[in-house]
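Colleague: Have a look at this one.
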Amino acid sequence: VVTVTAASGLKKVYGLTVVVAKSSNTKLSVLTVNGFDASSGSVVLPARSSSAVVKAVAVDPEAVVVVSGTGLVEGANTVTVKVTAPDGSVGVSDVSVYVTPLSTDTRLSVFTVNGSVVKDGDVVSVANKTASVAVVAVAADADAVVSVAGASGLKTGENQLVVTVTAASGLKKVYGLT
């Protein structure tokens, strides 16, 4: 409001409105998924990642940020970040999120019986009245689980020794010896 007073004392009031335009900025200053920089539009997460924790900070502090698609499955996923600027402009960023599949590796890196290297299907001969054998079976993948059956309680004649490797994915492989 501006008031002008003439020499005669007459006053005139002028009103003026100043309108500051609202921002149309829909850019992000920070975009991370599970702590990994996602500004390139993609990120790879480790196996067993089931949700995306997204940090999305708009350049304009008055903008509204909405994130969707944070539930993850193994393989390809898309997380969407929608930024609405104060003037109503909308910007959408899709982030490709790849969750590494669980390993299917069922190989053995070490497989020995009584200190001798063996392989699936081998026949191992031991002395009469041997009641047990020492089995070392180590999975090639540290996340795989190895179980051994038949290494003890041996009887004269053929006995079955079974080593089962269960990969992180649940895939199983059975190694057998006689």
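Colleague: Please identify the pairs in which a residue from the stretch 142-160 that is at positive phi has its Cβ atom under 8 Å from the Cβ atom of a residue that is of a type outside the set (F, W, Y) and part of a loop (DSSP other than H, G, I, E, B), counting only partners at least 6 apart or on another chain.
Modeller: G150/N159; G150/Q160; G153/A131
Colleague: Sticking with this structure for a sec: Looking at this structure, is S96 in contact with a strand residue (DSSP E or B) (Cβ under 7 Å, 6 or more places away or on another chain), under 22 Å from S42 (Cα atoms) and modelled with pLDDT of 95 or more?
Modeller: Answer is yes for this residue.
Colleague: For the stretch 68-93, which positions are assigned to a strand (DSSP E or B), open to solvent by 50 Å² or more (accessible area, probe 1.4 Å), of a type in the set (V, I, T) and under 17 Å from G41 (Cα atoms)?
Modeller: Listed by number, the residues that qualify are T78, V92.
Colleague: Separate question: What tally of residues in the stretch 165-178 results from selecting those that are open to solvent by 30 Å² or more (accessible area, probe 1.4 Å) and under 29 Å from the mean Cα position of the chain (by Cα)?
Modeller: The qualifying residues number 6.
Colleague: Go through the residues of the stretch 98-106 one by one and say whether even a single one is small (G, A, S) and either in contact with an Asp or Glu (Cβ under 8 Å, 6 or more places away or on another chain) or open to solvent by less than 50 Å² (accessible area, probe 1.4 Å) (or both).
Modeller: Yes - at least one qualifying residue is present in the stretch 98-106.
Colleague: Scan the stretch 141-162 residue by residue and report those that are of a type in the set (A, V, I, L, M), open to solvent by less than 40 Å² (accessible area, probe 1.4 Å) and under 31 Å from the mean Cα position of the chain (by Cα).
Modeller: Matches in the stretch 141-162: A144 only.
Colleague: Then there is this: Which one of V124, V113, V117, V135 is of a type in the set (V, I, T) and open to solvent by 60 Å² or more (accessible area, probe 1.4 Å)?
Modeller: The conditions single out V117.
Colleague: Go through the stretch 136-178 and give me each residue that's within 28 Å of P46 (Cα to Cα) and either in contact with a Lys or Arg (Cβ under 9 Å, 6 or more places away or on another chain) or aromatic (F, W, Y) (or both).
Modeller: Selection gives A139, A140, D141, A144, T164, V165, T166, A167, A168, K173.
Colleague: Also, quick follow-up: Just for the stretch 1-37: of the residues that are of a type in the set (A, V, I, L, M, F, W, C) and under 13 Å from the mean Cα position of the chain (by Cα), which one is most open to solvent (accessible area, probe 1.4 Å)?
Modeller: The residue in question is F36.
The values are calculated or read from the model by the stated rules, or taken from the named source; none is laboratory data. The structure displayed is predicted, hence computed values, not measured ones. Every residue, glycine as well, gets a Cβ built from its backbone with ideal geometry; the counts of neighbours run over all protein chains shown. Heads up: the accessible areas ignore ligands, DNA and RNA and are worked out on the full protein's heavy atoms, side chains in. Shrake-Rupley method; radii C 1.70, N 1.55, O 1.52, S 1.80 Å.
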